[in-house]
Structures are given as structure tokens and as C-alpha cells.
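Below is one structure, written out as C-alpha cells; the observations come after it.
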Amino acid sequence: MSHRPSPPRGARFLSVIVFFITCAVTTTLSAATPVIIDTDLGTDIDDAYALALALASPELDIRAITTSGAQAEDRAWMVGRFLTHVDRKDIPVAWGRDQVAKRPIDWQIQYRRHAAVVWNRTVKPVKESAVELLAQTLSKAEKKDEKVTIIAIGPMTNVARLLEQHPDVK
């Protein structure tokens, strides 16, 4: 068996650098996935973590956030505070109008009653219902031949109403 000489250290280092740059460019050039998040943020901490992860993820293009569950309007205001804190005021927020099982918002209600809300310094929910915001966002994407993924991390009442009221939306 013959022994092949190993490439010089500089060549190995350069190939590793080229590999990482190629990976970074490929990741940057790939388009983010358009998503709508439907959440019941405010009862447990899990939805807040999921929302934070989604907002920090360059792989996701969040087009809208809707809230469901008991006190859905309060939950929408909490999402608005959250978005204000992370400087993502460009994302529309709407709440579901359906009655669902009671799961009261405990201590996190403080974010709904925060002074920034009172003094108009936070993202406000839009006037449309969650179902209308879902339908509008999906229709806009369909006209552009885009696909939008709904990430439902709460009760699926908004998604169910969307399918009932707008069966044409895909």
C-alpha cells in the first residue's frame, strides 16, 4: 500500500472555510416559509416560547398572528405587547370570536393591562376577526402563487371557522 501525502494544513482550513461560506450563502438565499401562527398565548408559557422561537427564526416569514381560546381579545393584546418588545410591529394580530372552554389567563394578564397599552404605545389587534385575517392573508398569498402554512399551537377554533366560512381558501 502506498501512503498518500495529506494536503497541506492551509488547504484543509481553506476547504472548511469555503464549505461554511457555501452553507451560509445557501441558507441566506433560500426563501423563508410564509406562516400564520394561531395561538392561545397567555395561559401557559409554552406558546410564548414558541412565538419567540418563530420570531427569531430566519426560516419563517410570519404574515399574521391570530389568537383563540377564552379571553381571545386579551390574548391578542398580549401578542401585541410581545411584538412591540421585539420590534416586530409589522405583523397584524387578530382574535377569534368563538366561545371556547374556559382557561382563564392568570398572572400574564398584566401584559394586557400594561401602561403602554393605555398610552397607545403598543401593537393593537386589527379590527377584523381572526378568521377574516386568516382568509385575507391566505387569499393574498394565493394571488401571488405562494403557499402559506398555518401553525396552530392553540385550540383550532379559528382554523375550523376558516374552513367553514371560507371553503374556497386553500
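Residues that are at pLDDT below 60, more than 20 Å from Ser68 (Cβ to Cβ), assigned to a loop (DSSP other than H, G, I, E, B) and open to solvent by 90 Å² or more (accessible area, probe 1.4 Å): does segment 108-115 have at least one? Step through it out loud before you land on a result.
Taking segment 108-115 as the starting set, the residues that turn out to be at pLDDT below 60 are 108-115.
If we keep only those that are more than 20 Å from Ser68 (Cβ to Cβ) too, we end up with 110, 113-115.
With assigned to a loop (DSSP other than H, G, I, E, B) added as a condition, the list becomes 113-114.
Retained after the next criterion (residues that are open to solvent by 90 Å² or more (accessible area, probe 1.4 Å)): 113.
Checked segment 108-115: at least one residue is at pLDDT below 60, more than 20 Å from Ser68 (Cβ to Cβ), assigned to a loop (DSSP other than H, G, I, E, B) and open to solvent by 90 Å² or more (accessible area, probe 1.4 Å).
Checking the stated criteria, Ala130 turns out not to satisfy the condition of being modelled with pLDDT under 95 and in contact with a Pro (Cβ under 9 Å, 6 or more places away or on another chain). For segment 52-78, residues that are touching a residue at least 40 places away in the same chain (Cβ under 8 Å) and either over 16 Å from Gly154 (Cα atoms) or touching a helix residue (DSSP H, G or I) at 6+ places or on another chain (Cβ under 7 Å) (or both) total 7. The residue of segment 41-51 that is farthest from Asn158 (Cα to Cα), among those that are at pLDDT 90 or above and open to solvent by 10 Å² or more (accessible area, probe 1.4 Å), is Tyr49. Looking only at segment 140-157, residues that are open to solvent by less than 40 Å² (accessible area, probe 1.4 Å), over 15 Å from the mean Cα position of the chain (by Cα) and more than 15 Å from Ile62 (Cα to Cα) come to 1 in all.
The values are calculated or read from the model by the stated rules, or taken from the named source; none is laboratory data. As the structure is a prediction and not an experimental result, all values here were calculated from the model. Here the Cβ is made from the backbone with ideal geometry for all residues, glycine too, and neighbour counts use every protein chain on show. All accessible areas refer to the heavy atoms of the entire protein, side chains included, with ligands and DNA or RNA removed. Shrake-Rupley method; radii C 1.70, N 1.55, O 1.52, S 1.80 Å.
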